[in-house]
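Some notes on the structure that comes next.
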Amino acid sequence: MNINLLTSVDTPTISNALDLFRGDRSSEGFTKFPVICSNRKLKPVIGVARTARIIASKKSDLDPNSLNKIRLDYYEYMAKKTHDILDNFCVIQDMDWPSPIGSFWGEVNVSIHKGLGLCGVLTNGLLRDLDDIDKDFMVLANGIGPSHAFVHVLEFDSEISICGLKIKPNDIIHADKHGAVVIPEEAIEILPRAIQFMRDKEDIVISASKKEDFNFDKLKVAWDKANKLKF
């Protein structure tokens, strides 16, 4: 797996390359709602999904000791490596969505998760502490809010749905400021060739459009040339 290549291209490019893997376009396998990125200058990340569910709108029914245990068990789960090459990537479904009220993600949890070796997080919940969070850790969130309310972990290591994307534990996730996609394990091998093909195809049209004599007739020629490329 060429991680450097996969993190050198944005998530839309990966999404396009996956169309070639499938042999057609798809309406599944990617986030479908806008996300807020903690730092839009961060390069894309690729990692293995570690999943969890949280809620902030009501207190936990657990006693303090049990609540503390599930939080520590959650951190242990997030820290456990499951892939020889890829780091873990946290995906958390906020059960208050589409109206999340309490942020799980702020200076403390960003610091903890980065320290435990995770490469980023996708959540349909909230983000806070914008000036204090580690700017080198990617957080993709539904929005921004000031309070943590009653936020607590409900469960982890289960299939979840975030922003229209279904994610299972250990799915491979590619993410950047645009959102996230799931990369099927069997697609990894052809992605470098698919990425290059998409670059070559798009470059034909883009290069033509930047020439001073570009017009509709030149567009038709370039468009036809691009569509004749075979993957």
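The values are calculated or read from the model by the stated rules, or taken from the named source; none is laboratory data. Because the structure is predicted, anything quoted here is derived from the model rather than measured. We place every Cβ from the backbone using ideal geometry, glycine too, and count neighbours over all the protein chains shown. Ligands, DNA and RNA are stripped out before the accessible areas are found, and what is left, the full protein with its side chains, is counted by its heavy atoms. Shrake-Rupley method; radii C 1.70, N 1.55, O 1.52, S 1.80 Å.
On the given criteria, is GLU28 out of contact with any Leu (no Cβ under 7 Å at 6 or more places or on another chain) and closer than 29 Å to ASP10 by Cβ?
Values: out of contact with any Leu (no Cβ under 7 Å at 6 or more places or on another chain): yes; closer than 29 Å to ASP10 by Cβ: yes.
Here the answer is yes, as GLU28 does meet what is asked.
Just wondering, is there one or more residues in the stretch 30-39 that are polar (S, T, N, Q) and over 16 Å from CYS119 (Cα atoms)?
For the stretch 30-39, residues polar (S, T, N, Q) and over 16 Å from CYS119 (Cα atoms): present.
If only one of ASP63, ASP87 is of a type outside the set (A, V, I, L, M, F, W, C) and in contact with a strand residue (DSSP E or B) (Cβ under 8 Å, 6 or more places away or on another chain), which one is it?
The unique qualifying residue is ASP87.
ILE36 - would you say it is surrounded by fewer than 16 Cβ atoms within 10 Å (Cβ to Cβ) and within 22 Å of ASP129 (Cα to Cα)?
In short, yes.
What pairs come up if the first residue lies in the stretch 1-22 and is without any contact (Cβ under 8 Å) to a residue 60 or more places away in the chain, the second is surrounded by 14 or more Cβ atoms within 10 Å (Cβ to Cβ) and of a type in the set (D, E, K, R), and their beta carbons are under 8 Å apart, counting only those six or more places apart or on different chains?
none
Keeping to the stretch 123-161, report how many residues are over 15 Å from ARG40 (Cβ atoms) and in contact with a strand residue (DSSP E or B) (Cβ under 9 Å, 6 or more places away or on another chain).
Residues meeting the conditions: 25.
Restricting to the stretch 4-33, what's the tally of residues that are within 15 Å of the chain's Cα centre (by Cα), farther than 19 Å from ASP200 by Cβ and open to solvent by 30 Å² or more (accessible area, probe 1.4 Å)?
So the answer is 4.
For the stretch 115-231, which strands (runs of 3 or more DSSP E) that fit wholly inside it have 3 or more residues that are under 30 Å from ASP94 (Cβ atoms), open to solvent by less than 10 Å² (accessible area, probe 1.4 Å) and in contact with a helix residue (DSSP H, G or I) (Cβ under 7 Å, 6 or more places away or on another chain)?
Working: elements: 120-123, 138-141, 152-156, 160-162, 165-167, 172-176, 179-183.
Passing ranges, in order: 172-176, 179-183.
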